[in-house]
Amino acid sequence: MSGRKSKSNNLIQAECLSQVQGILRERFCHQSPHSNLFGVQVQYKHLTELLKRTAIHGESNSVLIIGPRGSGKTMLINHALRELMEAEEVSENVLQVHLNGLLQINDKIALKEITRQLNLENVVGDKVFGSFAENLSFLLEALKKGDRTSSCPVIFILDEFDLFAHHKNQTLLYNLFDISQSAQTPVAVIGLTCRLDILELLEKRVKSRFSHRQIHLMNSFGFPQYLKIFKEQLSLPAVFPDKIFAEKWNENVQSLSEDRSVREVLQKHFNVSKNLRSLHMLLMLALNHVTPSHPFMTATDLVEANQLCSMDSKANIVHGLSVLEICLIIAMKHLNDIYEEEPFNFQMVYNEFQKFVQRKAHSVYNFEKPVVMKAFEHLQQLELIRPIERTTVNAQREYQLMKLLLDNTQIMNALQKYPNCPTDVRQWATSSLSWL
């Protein structure tokens, strides 16, 4: 009987954990407009007021939201739009057009996307327009129901705004800003960018039509606020079905935030990058350890997740190299030690490798020169070494000067973790000045 009871308890716990994983992954992976905003209340108020003036009073506006990647620009605009759409007098009356500089790489594609998002393909049909401005004004004219006050407001959101500035003659930006300045259809043009020098990229005629409103997001919170964000991001909502499990989970999160090793991990993370995207990455990796047999997150999970986040990508590449390639990297390390970081060529590395093979012939196979050359070229393809000068057609590959892109600590750390590394090779790496 007790066995059956424990089995049903395990099933309930597994179901709870599945729901926890779903809720938290949704929170970490998607910029959900239902999540909380952190430290940007002033900017949020400014943006919502500006949008309401367009949506309710028919006033045209333009604004740039500027901030580093991961500072919450998209989340800010999503929150503002959600609040705007919840207002009764707005919901059916406002149209949104979302453009992205990475997708709409020229004005023709951008115009097609605007037509599609405004559902005006059937209105445009096979019409031929003389210019871009004529086409855009026709689209906006099609949305008018009468005078300015009864026209349908359109909100344009331009993600990666700086890429639109590279379009030919900046025609799209010119026309959008021109409409926002004139007494035509009420439009709000909102640009999102991570470039502080964005106004320098705009042409004079475009700049003169822009309102010069800027909203800056700079992640200006301190570590106590960061710790609070950590707790909020991991905590389960009050509406979670299993109240007892949610309470235990939230108590565990509280104790985690007070744990010394967790605070050290978060402090390191905070010092490197304040953006919430990197925090979400850390929490996502820690969440992967949560299973029915290990139902609550521990400090160890966060420490391991931090190690994965801060892993050296170059050292990881070294783990997948052959013994011959490892030997060549060690030879380069010794050449760097002897000649004090001076560039080297293949012939020098090959001679160094030959010295080692002659001393330790029983443990390392003596490869032929073309094979060693092939391994050397593979290291160059992996960008572990790079040529000092551009290669010319007539240059002999053996004598082309190269530079090693790994430092000694990276090499030694990678060798410690390298599986089945021959002892002689490891000793050669630790020996001070090669086999002179």
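Counting only residues that are among the hydrophobic types (A, V, I, L, M, F, W, C) and touching a helix residue (DSSP H, G or I) at 6+ places or on another chain (Cβ under 7 Å), the stretch 82-114 holds 9 of them. Scanning the stretch 287-329 for residues that are in a loop (DSSP other than H, G, I, E, B), under 25 Å from the mean Cα position of the chain (by Cα) and under 30 Å from Val372 (Cα atoms) turns up Met311, Asp312. Every test in (1) touching a residue at least 40 places away in the same chain (Cβ under 8 Å); (2) loosely packed, with under 15 Cβ neighbours inside 10 Å; (3) over 23 Å from Tyr418 (Cβ atoms) is passed by Tyr339 save one, and that test is (1).
Would you say Leu279 is part of a helix (DSSP H, G or I), aliphatic (A, V, I, L, M) and either open to solvent by 40 Å² or more (accessible area, probe 1.4 Å) or in contact with a Leu (Cβ under 7 Å, 6 or more places away or on another chain) (or both)? Taking the combined requirement at face value, the residue does not satisfy it. Within the stretch 256-269, being surrounded by fewer than 18 Cβ atoms within 10 Å (Cβ to Cβ) and either under 15 Å from the mean Cα position of the chain (by Cα) or within 21 Å of Arg27 (Cα to Cα) (or both) holds for one residue alone: Ser257. Only one of the numbered conditions (1) more than 30 Å from Val154 (Cβ to Cβ); (2) assigned to a helix (DSSP H, G or I) is violated by Val239, and that is (2). In the stretch 370-404, how many residues are of a type in the set (A, V, I, L, M, F, W, C), under 32 Å from the mean Cα position of the chain (by Cα) and over 15 Å from Ala331 (Cβ atoms)? Count: 2.
Let's see how each residue does on (1) open to solvent by 10 Å² or more (accessible area, probe 1.4 Å); (2) part of a helix (DSSP H, G or I); (3) among the polar types (S, T, N, Q); (4) touching a residue at least 24 places away in the same chain (Cβ under 8 Å):
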| position | (1), (2), (3), (4) |
| --- | --- |
| Leu24 | no, yes, no, yes |
| Phe28 | yes, yes, no, yes |
| Leu51 | no, yes, no, yes |
| Thr54 | no, yes, yes, yes |
| Met75 | yes, yes, no, yes |
| Met85 | yes, yes, no, no |
| His98 | yes, no, no, yes |
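The values are calculated or read from the model by the stated rules, or taken from the named source; none is laboratory data. Not measured: the values here are computed from a predicted model. With ideal geometry, Cβ positions are generated from the backbone for all residues, glycine too; neighbour counts draw on all protein chains shown. Surface areas here come from the heavy atoms of the whole protein model, side chains and all, with no ligands, DNA or RNA. Shrake-Rupley method; radii C 1.70, N 1.55, O 1.52, S 1.80 Å.
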